[in-house]
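Participant: What follows is a structure written as structure tokens; I'll ask about it next.
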Amino acid sequence: MGQPYFVQYRLGGNLIDNPTERQDTSIQVQFDEGTQGSIETSQLTFVNEAYTIIKDTIQSGLVTEGLPLTITIQESEESTEVFNGYLDFSTLEDLTGSEPKFLASIVEQNGLTNLSESLEGITFALLEAKGFITSSDYQEVKYLIEKQVALLEQAFLALSIFLMIKEIAEASFRLSQQIAIISSILASSITGQVGALIYATASALFEVAYIAIMGAALLDLIQQFIENLISFEREFQGIKYKTALEKIFSYLGYTFVSPIPEIDTYVYLPSKAEGRADKGIPFDSDFGFVANEFVSMVLDMFRAEIFVVNNEVQLRAKKDPFFQSQSTFQLPDVLEQPFSLNINEIKESRFISFQDDISDAYTVSNWKGTSFVVTTLPITQNIPKNNLIKGLEETRFPVALGNRKEDLSVLEEALNAFFKAANFALSALGASNITNTIQARKGMLIISQPFFNVPKVLNMQGNRLAQNSREGLSARYLWENYLNYDSFIEDNFKRQRKVFEGIEIPFSYSDYKKVKENSYFITSNGKRGKFTSLEWIIEADRAEASFWVEDVYTRNLQEKTTEVS
């Protein structure tokens with residue numbers, strides 16, 4: 001096939017002679033599981049004007065920033081940029097011998113690889129320091145400390161309070177006696193009674209100090225006793241998934257969008273420790289403190305992927321039909337080539353779990369939703385020892401689930417009834433009502449003590465957990481709505497595939513424009529497939545591709561699920 005286009009290279013904005021490998025220069029697009037490819041190229045050798053531009057840049061000391069490089073294809077009167085990136089000085093080799101030349105790799109500027117590497121250097125502390133995140137970005141979380149107190153512990157507290165009150169009463173009586181003695185001495189002649197006066201005064205001061213100390217301790221005990229019965233309302237600061245992602249990508253110069261609705265209701269609540277400021281962003285010991293950790297957690301939770309369109313980062317679930325609906329490439333008729341089946345991707349067990357946290361007893365006592373197991377088995381099995389379905393795949397989220405206050409305690413119900421009765425009486429008398437905040441306690445986050453070690457993820461509605469919070473945030477929920485993309489049974493067995501490796505296909509510049517941003521395709525017989533990698537020789541009409549095509553090869557499968565509660 002004749003070549004209807006030619007290639008131009010620009011380095012630092014200047015048109016340069018084509019690299020010496022121009023006839024073999026290829027663009028390697030690595031898709032793996034992603035829809036949008038990560039573009040890589042073979043190393044290029046730069047000579048003549050390009051050599052001079054690179055040398056001048058080195059001498060200027062600006063080697064910590066990639067030198068802009070573009071590759072443009074001219075087809076008839078149409079000129080299209082197929083590569084926009086930079087020369088990577090960290091890969092530069094000076095091969096000057098008989099002629100001056102440099103060898104270097106080039107990196108796509110808005111590519112996924114470059115984006116991923118950039119995320120590794122960003123922390124939430126940096127975003128805060130640079131002003132990208134402020135306290136106005138935090139999400140308020142109302143919470144209550146409700147200790148899981150044993151009856152015996154509460155009885156000991158009550159006994160301690162009784163004994164302290166008794167001791168304070170006795171100390172007060174002794175103090176009154178000392179005061180009476182001092183008054184008696186002062187009322188009479190003090191001759192010969194100086195020692196007695198000093199002793200009585202010292203005793204009285206001791207009793208005053210003793211009563212003060214015992215009083216403070218008694219207040220603490222009473223407060224603890226009351227809090228065990230009915231805790232005080234407090235606030236933590238967290239941050240919405242959506243807000244955190246918007247700030248991360250804004251720092252890199254992108255806007256962020258996602259159609260996943262949970263991203264706008266799930267809130268990350270960092271760990272809390274005594275003496276540490278209550279901020280809504282991850283602490284440095286929390287998973288998610290580094291931006292690539294946070295983004296990775298979100299991608300895992302929704303079985304999602306990221307792709308970049310111009311200056312916009314989009315995050316979509318792999319189950320989203322948007323990708324397939326936008327595909328325009330039809331694979332040439334090459335399916336007679338050798339292939340394999342992806343049986344090795346069927347896992348006998350898939351284990352999905354959130355983390356527990358021994359510093360918050362509720363994450364252990366209320367286990368429902370924390371873990372979920374999916375087991376894939378053959379329906380009919382002739383020789384069990386020959387079973388090919390093996391292996392375990394784990395998806396562990398490094399955050400704990402929050403617990404919602406669902407019911408009022410007996411004392412809270414009594415107080416609620418009291419407020420209602422009091423307000424009825426006040427209304428009858430024409431007086432203002434007393435504000436009843438008891439009922440509003442429902443829906444708040446409950447924790448067993450003031451501080452906890454593992455960050456939490458909360459399904460929020462306003463500043464409280466959503467009603468039936470675990471129905472919309474649990475290991476089961478995420479499997480049934482997102483993670484079952486990996487099921488070999490769901491959606492009419494669509495995860496079953498024929499796999500093709502290293503297949504040479506006819507491939508033109510117009511094909512490249514279709515495939516670069518969307519690796520899905522349709523075969524000539526209407527089946528859906530996807531490239532996993534592709535290498536296009538720029539100045540040739542061919543490419544070497546690896547891909548899969550959906551193909552149901554067994555219905556002899558069943559799935560069993562287990563939710564530990």
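Participant: Taking the criterion of being modelled with pLDDT of 85 or more and either within 19 Å of the chain's Cα centre (by Cα) or not assigned by TED's automatic domain parsing to the domain that holds Gly288 (or both), would at least one residue in region 413-431 satisfy it?
Facilitator: No, every residue in region 413-431 fails to be modelled with pLDDT of 85 or more and either within 19 Å of the chain's Cα centre (by Cα) or not assigned by TED's automatic domain parsing to the domain that holds Gly288 (or both).
Participant: Follow-up. Tally time: how many residues in region 128-154 are at pLDDT 90 or above, closer than 24 Å to Gly402 by Cβ and not in a loop (DSSP other than H, G, I, E, B)?
Facilitator: Number of matching residues: 10.
Participant: Within region 462-478, identify whether any single residue is modelled with pLDDT of 95 or more, closer than 26 Å to Arg303 by Cβ, surrounded by fewer than 16 Cβ atoms within 10 Å (Cβ to Cβ) and acidic (Asp, Glu), and answer yes or no.
Facilitator: no
Participant: Would region 111-118 turn up any residue that is of a type in the set (Ser, Thr, Tyr) and more than 29 Å from Ile53 (Cα to Cα)?
Facilitator: no
Participant: Do we have any residue at all in region 487-495 that's at pLDDT 95 or above and under 20 Å from Gln355 (Cα atoms)?
Facilitator: Looking through region 487-495, none of the residues is at pLDDT 95 or above and under 20 Å from Gln355 (Cα atoms).
Participant: Test Ser116 against the criterion of being surrounded by fewer than 19 Cβ atoms within 10 Å (Cβ to Cβ), closer than 21 Å to Gly37 by Cβ and at pLDDT below 90, and give yes or no.
Facilitator: So Ser116 fits the description; yes.
Participant: Moving on. Looking only at helices (runs of 4 or more DSSP H) that lie completely in region 460-527, which have at least 2 residues being touching a helix residue (DSSP H, G or I) at 6+ places or on another chain (Cβ under 9 Å)?
Facilitator: 475-481, 490-493
Participant: Which one is nearest to Ala545 (Cα to Cα) among residues in region 1-26 that are of a type in the set (Val, Ile, Thr) and modelled with pLDDT of 75 or more?
Facilitator: Val7
Participant: Oh, and also: Test Phe500 against the stated conditions and say whether it is of a type outside the set (Lys, Arg), on the phi > 0 side of the Ramachandran plot and surrounded by 16 or more Cβ atoms within 10 Å (Cβ to Cβ).
Facilitator: It is false that Phe500 is of a type outside the set (Lys, Arg), on the phi > 0 side of the Ramachandran plot and surrounded by 16 or more Cβ atoms within 10 Å (Cβ to Cβ).
Yes/no per residue for (1) of a type outside the set (S, T, N, Q); (2) buried (at least 17 other Cβ atoms within 10 Å of the Cβ); (3) not in a strand (DSSP E or B):
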site	(1), (2), (3)
Phe236	yes, yes, no
Lys242	yes, yes, yes
Leu245	yes, yes, yes
Ser250	no, no, yes
Glu262	yes, yes, yes
Val267	yes, yes, no
Glu274	yes, no, yes
Phe283	yes, yes, yes
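Participant: Of the residues Thr328, Thr363, which is of a type in the set (Ser, Thr, Tyr) and in the same structural domain as Arg476 (by TED's automatic domain parsing)?
Facilitator: Thr363
Participant: Can you tell me which residues in region 111-127 are of a type in the set (S, T, N, Q) and either part of a helix (DSSP H, G or I) or not assigned by TED's automatic domain parsing to the domain that holds Ala277 (or both)?
Facilitator: Result: Thr113, Asn114, Ser116, Ser118.
Participant: Among the residues of region 67-77, is any modelled with pLDDT of 90 or more, more than 40 Å from the chain's Cα centre (by Cα) and within 19 Å of Thr96 (Cβ to Cβ)?
Facilitator: So far as region 67-77 goes, no, none of its residues is modelled with pLDDT of 90 or more, more than 40 Å from the chain's Cα centre (by Cα) and within 19 Å of Thr96 (Cβ to Cβ).
Participant: Residues of region 437-456 being farther than 25 Å from Val290 by Cα, in a loop (DSSP other than H, G, I, E, B) and not hydrophobic (A, V, I, L, M, F, W, C), which ones?
Facilitator: Thr437, Lys442, Gly443, Ser448, Gln449, Pro450 - these are the residues of region 437-456 that are farther than 25 Å from Val290 by Cα, in a loop (DSSP other than H, G, I, E, B) and not hydrophobic (A, V, I, L, M, F, W, C).
The values are calculated or read from the model by the stated rules, or taken from the named source; none is laboratory data. Small disclaimer: the values here were computed from a predicted structure and weren't measured. We place every Cβ from the backbone using ideal geometry, glycine too, and count neighbours over all the protein chains shown.
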